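So the structure is just underneath, and the comments pick up after that.
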Amino acid sequence: MSGFLGRHECQMDAKGRVSFPSAFRRTVWSSSAGSCASLVLLQWQDTHLDVLPGETWKKIQERLLEHRRARRDGGAYLRRITASAIKVDPDQHGRIRIPTWLGDKADLNRTVLFVGALDRIELWNPVRFEEHMKASGADDDNFADQIFG
């Protein structure tokens with residue numbers, strides 16, 4: 001799988017639908033069938049939503065189940081994640097619908113920023129994203145040295 005990279009702003013319509021940027025569509029849609037792989041939309045961090053391809057979600061499900069089995073309180077965390085997750089099927093125009101209750105949790109409104117995060121796509125309020133980028137990064141130099149050498 002080639003990773004999701006870059007950022008793209010898209011407009012959400014009055015029905016809560018937003019189109020996938022074409023760069024991400026090529027990665028998500030099956031080239032042979034012309035259809036989209038299964039996607040899961042969820043919030044596991046307070047700042048944004050994540051769109052996970054089926055293969056990424058499957059790995060996360062396995063880790064959630066392991067966590068629930070290993071910890072007495074693991075069921076509560078699993079419920080918090082699964083209660084904030086829904087399957088989304090893009091329509092023929094490449095749009096997904098973001099339910100109001102989920103969009104509100106991430107402060108998504110008219111403009112949605114799609115951010116590639118390798119194995120997933122993050123959906124951000126553009127203002128919140130810029131604030132997050134300014135606030136984070138204190139250890140980026142150390143982290144960059146570990147990754148890029």
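In table form, for the structure just shown:
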{"item": "Single unsatisfied condition, V88 versus (1) over 27 Å from H132 (Cα atoms); (2) touching a Leu at 6+ places or on another chain (Cβ under 6 Å)", "result": "(1)"}
{"item": "Residue list for the stretch 37-56, filter: in a helix (DSSP H, G or I) and either open to solvent by 60 Å² or more (accessible area, probe 1.4 Å) or touching a residue at least 24 places away in the same chain (Cβ under 8 Å) (or both)", "result": "E55, T56"}
{"item": "Given (1) under 18 Å from T47 (Cα atoms); (2) in contact with a Phe, Trp or Tyr (Cβ under 6 Å, 6 or more places away or on another chain); (3) of a type outside the set (K, R), number of the condition G94 does not satisfy", "result": "(1)"}
{"item": "Any hit, the stretch 108-116, residues being touching a Ser or Thr at 6+ places or on another chain (Cβ under 9 Å), crowded, with 18+ Cβ neighbours inside 10 Å and part of a loop (DSSP other than H, G, I, E, B)", "result": "no"}
{"item": "Residues of the stretch 126-149 that turn out to be open to solvent by 80 Å² or more (accessible area, probe 1.4 Å), in a helix (DSSP H, G or I) and of a type in the set (G, A, S), as a count", "result": "1"}
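The values are calculated or read from the model by the stated rules, or taken from the named source; none is laboratory data. Only a predicted model underlies this, so the values are computations on that prediction, with no experimental measurement involved. Don't worry about glycine lacking a Cβ; one is built from the backbone with ideal geometry, like all the others, and counts go over all protein chains shown. To get the accessible areas, we keep the full protein, side chains included, count just its heavy atoms, and leave off ligands, DNA and RNA. Shrake-Rupley method; radii C 1.70, N 1.55, O 1.52, S 1.80 Å.
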